[in-house]
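Following: one structure in structure tokens, then a few remarks.
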């Protein structure tokens, strides 16, 4: 049974954050819950690992500011951890300030204790390859998953199922949360982008079809077969982020080859991941570009 398990109101900076945490339905429950949480110096959640029971956490803007748009945030962490502070808490605050509801998705992760050691060459986990953006065609069907073990693919499908439940849950509560059920989509970071892509490619019904898909340095982790009714796609990444930038370009091209709406931004001057905090680099523009894209897609009013 899905149920509301907590409700609290607390202050983050000058802003009241209303939280609801709702468990998501899964076909198979883990016999043990070994979830681990680390906290930042501020007392906020920093990272989560060993997730076996998925859930969503709801962050709503003030009712007077609500635009009706809801963004389901899929945090990154290589399918081993969830970067909750950067990819959910900070993003939710930024989105709420702009009248956008934020839904943090805690999706299932690989069991770190069962993963083969990367120091043992007979039990590889991460693939030893390096694909630069100009060679994006090396990723067949935009699949940039580096895993060399079955668990590395299986967990993506489980997490995609969690994302599928999440979007249906948001639409179920749309009226109560001042959300327009026709303005619900994903923003995924790194591996969380792979989860959002997988859900979009595999969505089970019109009730679970996202209205938009945005990925931030998050390539696909499964083969991309663009659905006939694919939502508009927004992609951004550092251009020199090995494998990731190439995977993002390959994803964009799959959408365009299917004649679907897609936009991509590739930033110079940095490598690796980034969040909403400013770095004094070109990539700082990504968040405003994302908002402008939502406007151009007819999701957000200017």
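Annotation for segment 166-239 versus segment 248-277: alpha-carbon center distance of 15 Å. A simple spin-label model places the labels of residue 137 and residue 78 3.1 nm from each other, with each point 7 Å out along Cα-to-Cβ. A Förster radius of 30 Å, combined with the Cβ-Cβ distance separating residue 44 from residue 65, puts the computed FRET efficiency at roughly 0.85. The Kirkwood radius of the chain, taken over pairs of alpha-carbon atoms, gives through the Stokes-Einstein law at 4 °C and 1.567 mPa s a diffusion coefficient of 67 µm² s⁻¹.
Scoring 67-79, 216-228, 45-57 by mean Cβ neighbours within 10 Å over their residues and listing the highest first yields 67-79, 216-228, 45-57.
Across segment 4-296, the mean sequence separation of Cα contacts (distance under 8 Å, 6 or more residues apart), normalised by length, yields a relative contact order of 16 percent.
Once the C-beta distance of residue 28 and residue 112 is scaled by a Förster radius of 22 Å, the resulting FRET efficiency is 0.70 to the nearest 0.05.
Only helices enter the 222 nm calculation for the chain: every DSSP H run of n ≥ 4 contributes -39,500 (n - 2.57), and dividing by all residues gives -7000 deg cm²/dmol, rounded to 500.
Look at 136, 212 and count the other Cβ atoms within 10 Å of each Cβ; fewest to most, that gives 136, 212. Packing here is the average count of other Cβ atoms within 10 Å per residue, and on that basis the peptides 258-271, 198-211, highest first, run 198-211, 258-271. Counted by neighbouring Cβ atoms within 10 Å, the residues 294, 251 run from fewest to most as 294, 251. The residue 228 and residue 157 beta-carbon pair, evaluated with R₀ = 25 Å, returns a calculated FRET efficiency of approximately 0.75. DSSP finds beta bridges in segment 4-296, and of those with both partners inside it, around 50 percent are antiparallel.
Modelled spin labels at residue 257 and residue 21, positioned 7 Å past Cα toward Cβ, are 4.2 nm from each other.
Read-outs: derived from the displayed coordinates by stated rules, not from any lab. None of the values given here were measured: they were computed from a predicted structure. FYI the Cβ positions are ideal-geometry reconstructions off the backbone, even for glycines, and counts take in every protein chain you see.
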